[in-house]
Amino acid sequence: MNIVTRDVPPRSVWTLEKAGIHPLLARLYAARGVTGTDALDDALAKLLPPSTMQGLAQAAVLLAEAIAQGQHLCVVADYDCDGATACAVALRGLRLLGAQRVSYIVPDRIVDGYGLTAPIAQRVKDAGADLLITVDNGIASMDGVAHARALGLKVLVTDHHLPAASLGTGTPPLPDAHVIVNPNQPGCPFESKSIAGVGVMFYVLMALRSELRQRGVFTPHSQPKLDTLLPLVALGTVADVVRLDANNRRLVSQGLKRVRANAMPAGLASLFVAAGRVASTATTFDFGFALGPRINAAGRLSDMTLGIECLLTEDTDRADALAKTLDGINRERRVIEGGMREQAMLIAESLFDADDEPPPAICVFDPDFHEGVVGIVASRIKDKLHRPAFVFAASAAPGKEHELKGSGRSIPGFHLRDALDVVAKRHPGVLLRFGGHAMAAGCTIHEDGLDTFEQALIEVAQEGLDAATLTRRIETDGPLLAEYRRVDLVDTLHQQVWGQGFAAPTFSEDIEVISQRLVGEKHLSLKLRHRGDAVDGIWFNHVEPLPAKVHMAFRLDVDTWNGTRRVRFLVEGVSG
């Protein structure tokens, strides 16, 4: 393991401090590429203009005319948290803007698979819809869009995923929708390529409101406030682990402010209670590790309709009941995941000798695995072995019993979706379907193709990964001055927007280990000496004892014991 310190441009630190930013925050921001306070301004007016997102103007016209004609709008959602929040934002926003007939359909992960398929399009038509709107999916749904159009439906695709692989044919194919809104489609100048699906839908609503103003439906004074949707936008953005560039940070920051002020949908408030979190001090951590997993659990093990209904309802009693149901499903997910993780790790570790390095990529399959949890288990293997990892389960869909559904997670420096593209080109027919991003991707293969896929992925990984990339690396913000080891300052740090691409603060320096003991059979509780002072620490999911002196990477947390709040270190790794 390598523990390295981020470069900190001194001029940026000086500029930020001169603007009144706390010296510690100035150092942290500068190390993450912030050169001035403009990037820290979270005002909604600072959002990238909708006019720069390709297709938005046409989408606004399509929706405005559909609303004016009283047409039935049907949203086709996705079964993860981004898709659920995008669906809720779409329905809430369209109704705010005058749509009288709006419904939604969410595919079943097992029965329907991913995206807009021909059967889903048929269900939309059978529901009496005139306009089909995808959220967080659709960019790769050529057949589904074609079938929808053949049925006479108008189709608006809103998505943020990469287009389908071209498989050597040049420009990636796009579905034949009436309008496509996706910043990752070829030619779109919108700068925030990492915006989540829920963010794309929010932009569609902003463009629609502008179009309705131009048509005289609203005035600047009478138009509905779309900022009520920002808590949902923030949740979906963080939960989808997209890169938190300046535009995404503004969306998340604005959502967090409203959550902390208790200005949020009833279902969101109920989820905070069910998760044992406090909304008034909400953080991105709450979105990513408490609320997001409870929404996602519905799509993994049950029906994402539960999650969407929780985000749509304004009935507090119903919201509480749905949040408790989601919490129960999430507990079930943890039990299933625990057993799968243990079995998957045994299989993964059997692929190499204990004294050897793991192969450059890991593929694991067990016929008893649950396909709704393979992504989480792949993430656990990736974290432990620091290798790109795919976990496969047998498809439970009727007629698809001979297919394996896999979900993969990657390490920095290895673009997983591009790797699948290479595998598909080198071994035509092995991948039945695939898609995803740099750090997460999914695919479907025939059960007979598992060995071929595994060897092909290992070959691509061998070509694309070097020794430095295969070595676990923890980037830190260097030493922590004793004067910054304060509860109030830790609270300030937690209030900031951290996440993918804008990492939460992690410090590193030489630490003395005073004492250590196991708690809960799998966590290491520590007494540490930091700059002459005793500090509590804990290393979650780590049982091996530490030497008396280590170079430690750690995050800051506040622990409450007998009513007293104290700073403690959350250990990320050690060297030396």
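The numbers here are math on the coordinates, done by the rules we state, and not lab data. Because the structure is a prediction, the values reported are computed rather than measured. As a convention, Cβ positions derive from the backbone with ideal geometry for all residues, glycine included, and neighbour counts pool all protein chains shown.
Quick notes on this structure:
- Percentage, to the nearest whole number, of Cα pairs in the chain over 33 Å apart: 45 percent
- Extension gain for the segment residue 356 to residue 334, taken as residue separation times 0.36 nm less the Cα-Cα distance, is 4.8 nm to one decimal.
- Neighbours of residue 554 by Cβ distance under 10 Å: Lys/Arg scored +1, Asp/Glu scored -1, total -1.
- If the segment from residue 95 to residue 19 were pulled out straight at 0.36 nm per residue, it would be longer than the present Cα-Cα gap by 23.2 nm.
- Given charges at beta-carbon only (K, R positive; D, E negative), |dipole| of the range 78-172 in Debye: 380 debye
- Fully extending the segment from residue 425 to residue 151, taken as 0.36 nm per residue of separation minus the present Cα-Cα distance, adds 95.3 nm.
- Residues with amide H under 5 Å from that of residue 549, placed H, sequence gap 5 or more: 513
- Given R0 = 56 Å, the distance between the Cβ atoms of residue 122 and residue 474 translates into a calculated FRET efficiency of 0.65.
- Restricting the range 281-352 to GluC sites (Glu not before Pro) in coil, as DSSP defines it, with at most 15 other Cβ within 10 Å: 314
- Spin-label model, residue 451 to residue 316: label points 7 Å out along the Cα-to-beta-carbon direction sit 6.2 nm apart.
- Shown is the FRET efficiency for residue 262 and residue 483, computed with R0 = 30 Å from the Cβ-Cβ distance and rounded to the nearest 0.05: 0.30.
- Other residues whose C-beta falls under 13 angstrom from the C-beta of residue 286 contribute a net charge of +3, scoring Lys and Arg +1 and Asp and Glu -1.
- Two-site label geometry, residue 543 and residue 519: point separation in nm, points 7 Å out along Cα→Cβ: 1.8 nm
- Within the straight-line cut-off of under 21 Å between alpha carbons, the lysines reachable from residue 382 are 405, 522, sequence neighbours fewer than 8 places apart in one chain being disregarded.
- Calculated FRET efficiency, residue 551 to residue 52, Cβ-Cβ distance, R0 = 60 Å: about 0.85 to the nearest 0.05.
- With loop membership from DSSP and a limit of 15 other Cβ atoms within 10 Å, the longest segment of the chain without chymotrypsin sites (Phe, Trp or Tyr not before Pro) is 1-351.
- Near-label residues of the range 512-537 by backbone N, under 15 Å of a point 7 Å along Cα→Cβ of residue 559: 513-530, 534-537
- For the range 477-575, the set of GluC sites (Glu not before Pro) satisfying both a DSSP loop assignment and a count of at most 16 other C-beta atoms within 10 Å is given as 521.
- Label-point gap, in nm, between residue 462 and residue 433 - each point 7 angstrom along Cα→Cβ: 3.2 nm
- Seen from residue 125, the other residues with C-beta closer than 13 Å to its C-beta sum to a net charge of +1, counting Lys and Arg as +1 and Asp and Glu as -1.
- Cα centroid of the range 105-126 to Cα centroid of the range 36-62, whole Å: 31 Å
- One Cα centroid belongs to the range 491-567, the other to the range 181-249; the line between them spans 38 Å.
- Contact order normalised by residue count of the range 473-575, Cα under 8 Å, 6+ apart, percent: 26 percent
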